[in-house]
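Below: the structure, in structure tokens.
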Amino acid sequence: MAITIQQLAQFKQSKKTIISLTAWDYSLAQVLDAAGVDIILVGDSLAMVGLGYSSTLPVTLDEMIHHAKAVCKGVKHALVVCDLPFMSYQASVTQAMNAAGRVLKETNAAAVKLEGGHPRVLETVAELTAIGIPVMAHVGLTPQSFRILGYKQQGKTVNEANLILDQAIALAQAGAFAIVLEHIPSELAATITTKIPIPTIGIGAGNQCDGQVLVTADFLGLSRRKPPFAKSYVNLREVITQAVDDFREEVQEQKFPAS
Ligand code: KIV
């Protein structure tokens, strides 16, 4: 049975930790899903970890849909959420509806994620929810705004912290079913988690959130550089390099393939 947004709300009630990881292709999604991940996010970090760009800005809606389709084919259990990429939803509510509608119609993803807590975004979240499109919100460090925010921790001053708290409350009221809290102080994330009824999914936001997400390239040790708050649970760069060395040696020595 696939996880639903209603079940995620129950997870928060029953204090069941939500585990989320990103994916960008079929094989990876299949492995993460079979391992019991609750939410698989086709994040726009795809731009950097899958497509080699230096930020998330260049990835297009078509590219997100292409990868989300592949991910969805590999998933039986997890809730799949697909990021709306930069400038696919900011221009107007109509633009956001068209983009989110395409994601749901073309990919089999259950929900979209979009960044920010500006009143324009609140309106978009409310309108998408009203027409039946579940929305995951994302506040704190929002990489699509790195030209203004940089990649530094957000919410360090009282004013900034209050703004992020107000945004999280307003996004929940607008109908978001969950919210990513990225790179904010753990006390702020803990306060948000107790004050809003929807699950908080932290990344660089301490250990008091309802769940945690990591970019899978960081998680698996595939990224060249990872943010300070990320953790690699295995070093696949080393594992793969060793495998290539073993392959080369066996081919040179005519041990593989067998005659
Ligand atoms: O794009 C992404 O991978 C994300 C995560 C950092 C939450 O938005």
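Taking Cα centroids, how far is the range 26-90 from the range 119-150 in Å? With the range 26-90 and the range 119-150 each reduced to a Cα centre, they are spaced 17 Å. Membrane-span-like helices in the chain, defined purely by DSSP H runs whose alpha carbon atoms cover 27 Å or more axially and whose average Kyte-Doolittle hydropathy reaches -1.0, do not occur.
The simple spin-label model puts a point 7 Å past each Cα toward its Cβ; for A35 and I240 those points are separated by 1.5 nm.
Sequence-ordered 3J(HN,Hα) estimates for the range 47-58 from the Karplus curve with 6.51, -1.76 and 1.60 and θ = phi - 60° stand at 3, 8, 8, x, 10, x, 7, 8, 8, 7, 4, x Hz, glycine and proline given as x. Restriction of the trypsin sites (Lys or Arg not before Pro) in the range 42-96 to DSSP coil positions whose beta-carbon has at most 13 other beta-carbons within 10 angstrom yields K76. Anisotropy class assigned to the range 33-108 is oblate, per the alpha carbon gyration tensor with a/c at or over the 1.5 cut-off and a/b no larger than b/c. Scoring 125-137, 237-249, 153-165 by mean Cβ neighbours within 10 Å over their residues and listing the highest first yields 125-137, 153-165, 237-249.
I'd like the carbon and sulfur percentage of the solvent accessible area for the chain, probe radius 1.4 Å, heavy atoms only, ligands and nucleic acids excluded. Percent of accessible area from carbon and sulfur atoms in the chain: 55. Counting Lys +1, Arg +1, Asp -1, Glu -1, what net charge surrounds G155 among other residues with beta carbon under 12 Å of its beta carbon? Charge balance near G155 sits at -2.
For the chain, the solvent-accessible area of protein heavy atoms averages 50 Å² per residue (probe radius 1.4 Å; ligands and nucleic acids excluded). Working from Cα pairs under 8 Å separated by at least six residues, relative contact order for the chain is 15 percent.
Computed over every Cα-Cα pair of the range 101-246 and binned at 10 Å starting from 0, the pair-distance distribution P(r) comes out as 11, 36, 31, 16, 5, 1 percent.
Using the Cβ of S145 as centre and a radius below 15 Å, the other residues enclosed give a net charge of -1, where K and R count +1 and D and E count -1. In this label model, S232 and S145 are separated by 3.1 nm, measuring between points 7 Å along each Cα→Cβ vector.
Note on K73 and S27: their simple-model spin labels are 1.4 nm apart, each label 7 Å out from Cα toward Cβ. Size descriptor for the chain, Kirkwood hydrodynamic radius: 18.8 Å (Cα pairs only, one decimal). Simple point charges give the picture: +1 on the Cβ of Lys and Arg, -1 on the Cβ of Asp and Glu, and for the range 5-234 a dipole about the Cα centre of about 340 debye.
Normalised by 2.2 N^0.38 Å, where N is the number of residues, the C-alpha radius of gyration of the range 22-158 stands at 1.02.
The values are calculated or read from the model by the stated rules, or taken from the named source; none is laboratory data. Remember, it's a predicted structure, so these values are computed and weren't measured experimentally. When we count neighbours, we look across all protein chains shown, and the Cβ atoms used for this are built from the backbone with ideal geometry, even at glycine. Surface areas here come from the heavy atoms of the whole protein model, side chains and all, with no ligands, DNA or RNA. Shrake-Rupley method; radii C 1.70, N 1.55, O 1.52, S 1.80 Å.
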